[in-house]
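Remarks on the structure that follows.
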Amino acid sequence: MSVALQRARPWLGTLVEVCAEASAAQCARRAVEAAFAEIEAVHRCMSFHDADSDLSRLHAAAVGTAVMVDARTVEVLRCALDLAARSHGRFDLGVAGKLVARGFLPRPRSPFTPDAAANWRDIELLGDDRVRLRRPLWIDLGGIAKGYAVDRAIAALQEHGATQMRVNAGGDLRVAGPREEVVHLRDVEGRGIAGAVALRDAALASSAGAATRQRCDDRWSGTHLDARSGETVGLSSSASVVAPTCMIADALTKVAFAATPAFARRVFAHYGAQAVINDMRDCGGVKGRAA
Amino acid sequence: MHVRWLIPLGAAVASPVALATQYLSVPQAQQEAFPGAGEFRAVPVPDAAALAAVGVPAGWAPQIFEADASGKKLGWLIVDQVIGKSEAITYALALDTAGAVISLEVLEYRESHGGEVRMPAWRKQFVGKTAADAAALNREIKIISGATLSCRHLTEGVQRLLRLYALALRAPA
């Protein structure tokens with residue numbers, strides 16, 4: 001006999017749902033609490049908004065200073081830098097300055113203003129959990145940290161003896177255990193259902209450019225940028241990516257928007273990921289120039 | 001990693017599209033927040049004038065419970081609801097006697113799309129292996145992915161409950 005427990009709490013700017021099955025109620029309860037504790041820890045380390053987060057301390061330090069961060073932040077930075085290299089900068093964690101300029105993120109407390117030419121190559125991992133910026137740059141982990149939080153929560157559930165589990169952070173989710181689960185996919189406007197995917201021991205992330213767009217200087221602007229050009233991408237698209245981990249699935253939704261299908265296929269193959277990309281322009285969707 | 005894409009390739013499938021999950025009942029939320037409490041006493045909602053000062057519309061009616069153990073007050077559990085664009089969230093905020101947050105739990109989540117399974121241009125780009133099996137689409141929706149929901153309404157709800165505490169529940173200094 002197994003007991004199922006399902007809880008939802010607001011974290012990471014969304015609603016996070018944790019589901020766990022275990023042999024006893026007490027075991028399931030401990031597993032769920034441990035999962036939420038991990039999510040909270042990731043939130044506190046990697047929030048762009050919290051003044052005490054690792055990112056905020058990095059932004060508050062002078063350029064060239066080594067800043068001690070949590071080992072989890074290093075893990076996400078390492079993965080993000082690898083993704084930036086493999087996607088030829090289409091995924092770039094150094095775009096926060098552009099997002100601040102467009103009003104998508106608040107201006108952080110920082111002694112400098114980002115250098116428009118600075119990018120992910122200017123972020124140095126020095127070892128011993130120290131990070132240094134070589135040029136003025138603000139980091140945004142919004143496109144990857146949520147997925148990482150989901151992965152950490154899944155690991156916590158497994159460590160605490162859960163047998164079948166699922167963590168869903170506002171649509172970025174991962175399932176683990178022997179049973180297959182069917183996930184429905186919202187359509188590009190978020191109103192209906194456009195498909196579904198059955199998953200076992202896999203992660204899924206979806207992203208819709210249209211859902212985040214804002215009017216900016218008389219043009220449509222979104223939170224997904226092709227970091228190389230600074231142009232908004234994916235304004236009329238949505239992408240659903242399946243990958244072995246939620247961190248990779250989350251980050252690859254951004255590559256899906258910025259890359260040509262052939263390039264995306266190569267990057268996705270490297271990470272063992274699959275995707276389906278829905279372009280709304282086909283059905284008379286969003287009109288407007290990208291900023 | 002095992003994946004089966006279930007993408008509709010034919011005509012639109014009419015299907016009620018709604019997602020609803022109950023996480024906790026009110027008594028369960030009471031017990032989890034205050035395991036030592038022997039009694040949960042309903043506290044009347046403040047009058048309209050007081051509610052106006054909290055900055056909420058007329059008709060707002062949170063349920064307020066005072067948790068007691070052998071006549072000693074442990075804190076409050078306040079059950080409230082927020083309505084977003086297409087979702088309704090019932091949640092419970094537990095406060096200790098000093099007004100500090102003990103826990104915040106979602107009790108029930110309901111989302112209605114007011115639509116049906118739509119048939120957009122999924123055919124366009126598939127990266128990786130794909131398959132089609134539209135039948136499974138009509139299953140009950142338990143998990144959903146897509147345009148990320150904001151928890152802004154929930155955050156605003158918690159803020160109004162903290163104002164309600166300061167106005168109506170806090171012991172006079």
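The values are calculated or read from the model by the stated rules, or taken from the named source; none is laboratory data. What you see is a predicted model, and the numbers here were worked out from it, not measured in a lab. Counting neighbours? That spans all protein chains shown, and the Cβs are built from the backbone with ideal geometry, glycine included.
Of the residues A:F91, A:F36, A:F48, the single one that is crowded, with 16+ Cβ neighbours inside 10 Å, under 20 Å from the mean Cα position of the chain (by Cα) and modelled with pLDDT of 95 or more is A:F36. Taking A:I139 and the conditions (1) aliphatic (A, V, I, L, M); (2) outside the structural domain of A:A85 (by TED's automatic domain parsing); (3) touching a Leu at 6+ places or on another chain (Cβ under 9 Å); (4) surrounded by fewer than 24 Cβ atoms within 10 Å (Cβ to Cβ), which numbered condition does it fall short on, given that it satisfies the others? The number of the failed condition is (4).
Take the range B:38-52 and flag every residue that is among the hydrophobic types (A, V, I, L, M, F, W, C) and within 24 Å of the chain's Cα centre (by Cα). Lay out the reasoning, then the answer.
Here is the first cut: in the range B:38-52, the ones among the hydrophobic types (A, V, I, L, M, F, W, C) are B:40, B:42-43, B:45, B:48-52.
Across the range B:38-52, the qualifying residues are B:F40, B:A42, B:V43, B:V45, B:L51, B:A52.
Candidates in the range A:153-178 are the residues that are surrounded by fewer than 23 Cβ atoms within 10 Å (Cβ to Cβ) and either among the acidic types (D, E) or away from chain B (no Cβ under 11 Å) (or both); of these, the one that is nearest to A:S110 (Cα to Cα) is A:A155.
Number of residues in the range A:23-52 that are touching an Asp or Glu at 6+ places or on another chain (Cβ under 7 Å) and basic (K, R): the value is 1. Considered as a group, the residues in the range B:56-79 that are in contact with a Lys or Arg (Cβ under 8 Å, 6 or more places away or on another chain) and within 26 Å of B:A37 (Cβ to Cβ) include one that is surrounded by the most Cβ atoms within 10 Å (Cβ to Cβ), and that residue is B:A67.
Mind checking whether some residue in the range A:29-40 is β-branched (V, I, T) and either outside any strand (DSSP E or B) or more than 14 Å from chain B (Cβ to nearest Cβ) (or both)? The answer is yes; a qualifying residue exists.
In the range A:200-291, counting only helices (runs of 4 or more DSSP H) that sit wholly within it, the ones holding 1 or more residues that are modelled with pLDDT of 90 or more, surrounded by 21 or more Cβ atoms within 10 Å (Cβ to Cβ) and within 7 Å of another protein chain (Cβ to nearest Cβ) span A:261-270. When the range A:1-29 is filtered for residues that are modelled with pLDDT under 95 and of a type in the set (S, T, Y), the ones remaining, listed by number, are A:S2, A:T14.
The single condition among (1) within 18 Å of A:E159 (Cβ to Cβ); (2) within 14 Å of chain B (Cβ to nearest Cβ) that A:T14 does not meet is (1).
Within the range A:52-78, the set of residues being over 19 Å from the mean Cα position of the chain (by Cα) and assigned to a helix (DSSP H, G or I) comprises A:R57, A:L58, A:H59, A:A60.
Can you find a residue in the range A:137-146 that is closer than 17 Å to A:H43 by Cβ, assigned to a helix (DSSP H, G or I) and in contact (Cβ under 8 Å) with a residue 60 or more places away in the chain? Spell out the reasoning first.
Step one: filter the range A:137-146 for residues closer than 17 Å to A:H43 by Cβ, giving A:139-146.
Within this subset, residues satisfying the condition of being assigned to a helix (DSSP H, G or I) are A:145-146.
Pick out the ones that are also in contact (Cβ under 8 Å) with a residue 60 or more places away in the chain and you get A:145-146.
Among the residues of the range A:137-146, at least one is closer than 17 Å to A:H43 by Cβ, assigned to a helix (DSSP H, G or I) and in contact (Cβ under 8 Å) with a residue 60 or more places away in the chain, which makes the answer yes.
With a requirement of 3 or more residues that are within 27 Å of A:G147 (Cβ to Cβ) and at pLDDT below 55, the strands (runs of 3 or more DSSP E) lying completely within the range B:64-153 that satisfy it span B:125-127.
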